[in-house]
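Report on the following structure.
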Amino acid sequence: SHQLEAIYEAISDGLIVYDAEGHIVRTNPAGRNVFMLKGHADMYGEQPVPGLIPRYAIMDENGQPLSLEQTPVMRVLRGEELIASHAVDVRLRESGQEEVQLNVGGAPLRNKEQQIIGAVCIFRDVTDRRRMEKELGSLLFILQQTNARLEQGNKMQSDFIAIVSHEFRTTLTGIQGFSELLRD
């Protein structure tokens, strides 16, 4: 149990375990930090999702507001699994604070009768990653535009060289013909 406790405390992503009503049963330090709950080491019995609604503006990845029932935690508590590629991004903005983008995964906890008795959710702060992805997308767009302009310039150069080459050959053919005529 000490090893499991050490692993739980060392996980760098926020890990929060909920009961069937959405009360926090357990959280690790990263989970408390995600929601800026420093100093709330013993949060058991609190309702994090309803409690966060007035404190945070909770939005989907496109910035559209989410209702309480649409939040990832409530979806998991209804039985949906948000694992691997099904994890979802949400945005949190506390009044006067910078927006935080989280990737949220989770799975329901079930008893032997397969009834949902809670949920475990992992919250990963992906704010910097998404910002960098957006910047990379912008840079890629600029690079593609620049590449298209360079290709256009290259085509114009090739066309110009072909035209000049044709004109020189035409002129040289005439000069060569007259030169041969004069020589003869």
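The values are calculated or read from the model by the stated rules, or taken from the named source; none is laboratory data. Owing to the predicted nature of the structure, the values given are computational and were not obtained by experimental measurement. Cβ atoms come from the backbone with ideal geometry, glycine included; neighbour counts cover every protein chain shown. Accessible surface areas use protein heavy atoms only, side chains included; no ligands, DNA or RNA. Shrake-Rupley method; radii C 1.70, N 1.55, O 1.52, S 1.80 Å.
So how much slack lies between residue 176 and residue 69, counting 0.36 nm per residue of separation and subtracting their Cα-Cα distance, in nm?
Working it through step by step, the gained length comes to 29.8 nm.
One chain, two ends: residue 61 and residue 147. Fully extended at 0.36 nm per residue, the span grows by 27.9 nm beyond their Cα-Cα distance.
For the chain, the solvent-accessible area with a 1.4 angstrom probe is 69 square angstrom per residue.
Here the accessible area of the chain is 57 percent carbon and sulfur, with a 1.4 angstrom probe and all protein chains present.
Estimated at the nearest 10 Å², the accessible area of residue 8 is 30 Å² with a 1.4 Å probe.
The structure shown yields Kirkwood radius over Cα pairs in Å, and of the options (1) 18.5; (2) 17.1; (3) 21.0 that calculated value carries the label (3). Using a probe of 1.4 Å, the accessible surface attributed to residue 124 totals some 110 Å² when neighbouring protein chains are kept in position. Taken about its Cα centre, the chain carries a charge dipole of roughly 100 debye when the Cβ of each Lys and Arg holds +1 and the Cβ of each Asp and Glu holds -1. The accessible-area ordering, largest first, of the residues 159, 125, 184 stands as 184, 125, 159, per a 1.4 angstrom probe. With K and R counted +1 and D and E -1, the other residues having a Cβ less than 13 Å from that of residue 118 yield a net charge of +1.
Springs between Cα atoms under 10 Å define the GNM used for the chain, and in it the highest mean-square fluctuation of 75, 131, 91 occurs at 131.
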